[in-house]
Amino acid sequence: MRKILLRTKLVISFIVAILSIIIFSIPFAVPALAANDNFGNNGNGEGYAGGATGAIFFNQPGFTGTTSTGIGMSVLASNADGSNAHNIQLGLYTLSGSSFILVANTNSISIPAGATKQWFTGNFPVSINLTSTTYYLGFEADNNNVMFYYDSNPKESSYYSAVTFGTWPSLFSSPTSGGSLEWDIIVKYSTNSGSTPIITAANDNFGNNGNGEGYAGGATGAIFFNQPGFTGTTSTGIGMSVLASNADGSNAHNIQLGLYTLSGSSFILVANTNSISIPAGATKQWFTGNFPVSINLTSTTYYLGFEADNNNVRFYYDSNPEESSYYSAVTFGTWPSLFSSPTSGGSLEWDIIVKYSTNSGSTPIITGATIIAASNSDSSWKSQATAICSGTNDQNTINKYLTAGNTVELAPGTFNISGSGYINPASNSHLYGQGNATVINLQSSMIYISNKNNVEIDNFKITGTTVGVGAVFIGSNGAAVSGFNIHDILCTITGDQTDFSSLLQ
């Protein structure tokens with residue numbers, strides 16, 4: 001029996017089958033959506049174009065963008081298949097001469113079985129800079145039962161390029177005409193106008209929002225957070241916002257926002273945003289960052305905090321009443337998964353809120369993960385899951401959604417992986433669970449990563465028996481592969497020769 005608990009990130013790169021340690025990170029500072037911040041066609045039209053497997057379809061002559069920050073795309077679609085969910089991706093190209101150049105594409109978006117016409121939204125892995133350039137908006141689908149609605153007057157020429165679903169060529173020329181079609185696809189962007197950010201509804205947040213009269217200077221090398229914290233709500237957490245300014249008129253500075261809970265005397269990390277840039281000389285306004293993946297919030301007490309790379313960043317607060325604040329010394333950009341006995345930061349309070357979605361059925365918010373429930377997951381998880389495993393050969397269900405560019409969130413429960421098949425993450429995919437409540441039970445099997453790049457797996461427990469080469473196998477077959485991020489896994493298995501190989505080979 002081997003027990004290994006990974007608390008720190010293990011970043012692994014294979015180059016021609018040589019194991020070396022590298023640092024691998026993906027920026028993910030995605031601002032919140034505002035209610036009508038989009039461009040593209042939004043006719044809520046009367047017809048549809050069937051989704052084609054193995055092709056990118058996009059509009060010609062395209063749509064003119066706006067100077068802003070692009071954060072995702074939405075499409076009006078349905079699923080004529082009443083038995084199976086299907087996946088789509090949305091993308092954005094520009095034209096240079098006769099060549100189309102990829103700007104960004106969303107990860108996979110699940111269209112539930114039998115879904116009627118409604119808006120579906122996906123986010124870009126990182127936000128992008130939009131200009132007044134002409135953009136060509138398009139889609140891919142894994143099955144032609146996905147229907148894309150359009151305004152039939154006027155119709156516009158459409159074009160397509162044959163691809164494997166989930167791949168988006170960075171450059172291609174001379175696409176094939178797809179006839180005269182138009183569908184409702186829009187690009188979502190943030191104008192960052194300085195008002196309180198909106199994600200779905202005006203008040204989808206919790207935390208302090210006093211628009212106060214003072215400030216707390218941002219401290220480099222420390223996490224500051226509020227005490228006694230704020231009580232959450234049962235919902236899906238998607239990001240955080242802060243009221244701040246930058247007293248440095250010459251240089252932009254970065255901040256990060258984070259969320260902790262308290263267990264005894266130990267603070268436990270729930271989520272943190274990646275870096276958010278505060279422009280040089282920015283006056284008091286709201287700044288927002290998304291979590292890399294959405295999180296499940298409950299009525300627990302949460303402690304909301306920030307880090308700053310320079311103390312010229314000012315965090316505004318309501319000075320009546322003031323609350324005790326605490327801090328923990330860190331290197332900017334790091335958020336310890338657990339720490340105890342923080343130092344008092346005095347009586348301060350700042351305006352930080354957690355952004356969440358009530359998922360009311362209106363235009364969908366960006367979340368970024370496909371939820372898969374186990375056969376023994378509770379009903380609340382099964383009700384929001386894209387797929388529910390049977391308890392036998394669960395790798396078949398997981399692999400269906402663990403496609404290139406997609407994030408799969410495993411619910412609490414036990415997922416049984418048989419020896420006749422492995423979990424096979426695709427390149428640029430992310431598989432994560434709910435800590436020790438998510439159990440991947442290996443039945444002479446493994447998580448098998450071969451000739452793939454940029455794969456992240458984390459936050460679950462592995463039990464059972466492997467085939468003797470480790471619970472997680474990474475191979476290259478002579479190819480150059482890199483970017484493996486494996487962390488926060490409790491491994492309790494049998495059948496291996498060394499402590500380390502019981503988790504990883």
- Which residues' amide hydrogens lie under 5 Å from the amide hydrogen of TYR215, considering only partners 5 or more residues apart or on another chain, with H built in the peptide plane? TYR317
- Query: Over the range 405-468, with a single point scatterer placed on each C-alpha, what log10 of the ratio I(q)/I(0) does the Debye formula yield at q = 0.29 1/Å?
  - Reply: -1.25
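Every read-out reported here was derived from the displayed coordinates using simple, explicitly stated rules and does not represent laboratory data. Predicted model only: the values in this text are computed from it and were never measured.
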